[in-house]
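Asks: Just dropping this structure here.
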Amino acid sequence: MTHKLYSDLAAWWPLLSPPEEYADEAAFFGQILANADLPPRPSLLELGCGGGSNAFYLKKNFDHVTLTDISRQMLEVSRGLNSECEHQQADMRRVRLGRVFDVVFIHDAIDYMLTSADLRLALETAFVHCKPGGIALFVPDDVRETFQPSTEHGGNDGDDRSLRYLEWTYDPDDTDTEYTTDYVYLLRAGNAPNASTQVEHDVHTCGLFPRAEWLRLLQEVGFQTQIIQDEYKRDLFLARKLVS
């Protein structure tokens, strides 16, 4: 499924999820990586970078940063923040760059892996691109054990346009590996009194797997893994590729 948010509406992304909202979260990721005994001048590969907000904060810790995303439009947003970083349009399930990195990072883009087979492909991609002794950090929004239905709302004003959104997350079938988030966006272009407001509905289907499935798949592809909880009560999977 094509998501409007990452295609036709990608230019509105900074008003829905501005970079400054990532500062604390990225600092936590940066501390995890700083404690991971990385070599001097390390390299970073982010799979599914989206608008590049995590990379905006993490890049200062790395000598070289490569950012990939399946969406051409979201890569354009990221380039606006991270012009010094390499950008590649790619699907995290299939990309092979022919290089290895000290750190491979996947934030919540991993949520779009809807089946165990797709999740395994993404984990394999991370493993293939990870140096021996390197690490990978995976940050799903939820595992099956932590998922809770929720609603959120927000948005921001720009110089010449404004956005407001409603987000509704629910699980219509708790026997499968998917959950749903409905978004409604109110988009107002221009600040004149007679400026029109556009309404858009966007449906995102995401994957949801038990901790044990994550750990099984990570072990199968070759990682040694530990779980770290953050302040949002998320399970972060910190995986190391052992030296043969």
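Asks: For residues in segment 82-94 being surrounded by 17 or more Cβ atoms within 10 Å (Cβ to Cβ) and not polar (S, T, N, Q), which is farthest from Asp118 (Cα to Cα)? Show your work before the answer.
Replies: Residues of segment 82-94 surrounded by 17 or more Cβ atoms within 10 Å (Cβ to Cβ): 82, 85, 87, 90, 92-93.
Next cut, not polar (S, T, N, Q) only: 85, 87, 90, 92-93.
Working: Cys85: 27, His87: 23, Ala90: 15, Met92: 9, Arg93: 7 Å.
Ranking the candidates gives Cys85 first.
Asks: Given the structure, is Asp69 at pLDDT 95 or above and farther than 25 Å from Tyr183 by Cα? Explain how you work it out, then say what you get.
Replies: Values: at pLDDT 95 or above: yes; farther than 25 Å from Tyr183 by Cα: no.
Considered against the rule, which asks whether it is at pLDDT 95 or above and farther than 25 Å from Tyr183 by Cα, Asp69 comes out as no.
Asks: On to the next question. Given the conditions (1) buried (at least 20 other Cβ atoms within 10 Å of the Cβ); (2) over 20 Å from Leu238 (Cα atoms), which single one is not true for Arg79?
Replies: All conditions are met except number (1).
Asks: Condition check: among the β-branched types (Val, Ile, Thr), in contact with a Pro (Cβ under 9 Å, 6 or more places away or on another chain), in contact (Cβ under 8 Å) with a residue 24 or more places away in the chain and assigned by TED's automatic domain parsing to the domain that holds Phe138. Does Val77 satisfy that?
Replies: Details: among the β-branched types (Val, Ile, Thr): yes; in contact with a Pro (Cβ under 9 Å, 6 or more places away or on another chain): yes; in contact (Cβ under 8 Å) with a residue 24 or more places away in the chain: yes; assigned by TED's automatic domain parsing to the domain that holds Phe138: yes.
Judged against the criteria, Val77 is a match.
Asks: Across segment 178-226, what is the total count of residues that are assigned to a helix (DSSP H, G or I) and either of a type outside the set (A, V, I, L, M) or more than 19 Å from Phe127 (Cα to Cα) (or both)?
Replies: First, the residues of segment 178-226 that are assigned to a helix (DSSP H, G or I): 211-221.
Next, from what is left, pick out any that are either of a type outside the set (A, V, I, L, M) or more than 19 Å from Phe127 (Cα to Cα) (or both): 211, 213-214, 216, 219-220.
Going through segment 178-226 one residue at a time, the tally reaches 6.
Asks: Another question, if that's okay. Would you please name the residue that is farthest from Ser71 (Cα to Cα), looking only at residues in segment 14-38 that are part of a helix (DSSP H, G or I) and aliphatic (A, V, I, L, M)?
Replies: If we filter segment 14-38 for residues that are part of a helix (DSSP H, G or I), which is where we start, we get 14-16, 19-34.
Going one step further and asking which of them are aliphatic (A, V, I, L, M), we end up with 15-16, 23, 26-27, 32-34.
Values: Leu15: 18, Leu16: 17, Ala23: 23, Ala26: 22, Ala27: 25, Ile32: 28, Leu33: 26, Ala34: 29 Å.
That would be Ala34.
Asks: What are the residues in segment 154-190 that are of a type in the set (A, V, I, L, M) and either in contact with a Cys (Cβ under 7 Å, 6 or more places away or on another chain) or without any contact (Cβ under 8 Å) to a residue 60 or more places away in the chain (or both), if any? Break it down into steps so the answer makes sense when it comes.
Replies: Residues of segment 154-190 of a type in the set (A, V, I, L, M): 163, 166, 184, 186-187, 189.
Answer for segment 154-190, where residues must be of a type in the set (A, V, I, L, M) and either in contact with a Cys (Cβ under 7 Å, 6 or more places away or on another chain) or without any contact (Cβ under 8 Å) to a residue 60 or more places away in the chain (or both): Leu166, Val184, Leu186, Ala189.
Asks: Given the structure, is Glu231 closer than 25 Å to Ala27 by Cβ, of a type in the set (Asp, Glu) and assigned by TED's automatic domain parsing to the domain that holds Leu121?
Replies: Values: closer than 25 Å to Ala27 by Cβ: yes; of a type in the set (Asp, Glu): yes; assigned by TED's automatic domain parsing to the domain that holds Leu121: yes.
Against the criterion (closer than 25 Å to Ala27 by Cβ, of a type in the set (Asp, Glu) and assigned by TED's automatic domain parsing to the domain that holds Leu121), Glu231 qualifies.
Asks: Shifting gears a bit: Go through (1) part of a loop (DSSP other than H, G, I, E, B); (2) closer than 28 Å to Tyr183 by Cα; (3) more than 12 Å from the chain's Cα centre (by Cα); (4) not aliphatic (A, V, I, L, M) and name the single condition Arg41 misses.
Replies: Only one criterion in (1) part of a loop (DSSP other than H, G, I, E, B); (2) closer than 28 Å to Tyr183 by Cα; (3) more than 12 Å from the chain's Cα centre (by Cα); (4) not aliphatic (A, V, I, L, M) is unmet by Arg41, namely (2).
Asks: Only one of these is in contact with an Asp or Glu (Cβ under 7 Å, 6 or more places away or on another chain) and buried (at least 24 other Cβ atoms within 10 Å of the Cβ): Gly51, Gly134. Name it.
Replies: Working: Gly51 fails: in contact with an Asp or Glu (Cβ under 7 Å, 6 or more places away or on another chain).
Answer to the selection: Gly134.
Asks: Let me ask something else. List every residue pair whose Cβ atoms lie under 6 Å apart, where the two residues are 6 or more positions apart in sequence or sit on different chains, the first residue falls within segment 231-244 and is of a type in the set (Gly, Ala, Ser), and the second residue, located anywhere, is surrounded by 11 or more Cβ atoms within 10 Å (Cβ to Cβ).
Replies: Ala239/Ala136; Ala239/Leu218; Ala239/Phe223; Ala239/Thr225
Asks: Could you grab the pairs with beta carbons closer than 7 Å, sequence gap of 6+ or different chains, first residue in segment 39-54 and without any contact (Cβ under 8 Å) to a residue 12 or more places away in the chain, second one crowded, with 20+ Cβ neighbours inside 10 Å?
Replies: none
The values are calculated or read from the model by the stated rules, or taken from the named source; none is laboratory data. Here the structure is a predicted model, which means the values were calculated and not measured. Don't worry about glycine lacking a Cβ; one is built from the backbone with ideal geometry, like all the others, and counts go over all protein chains shown.
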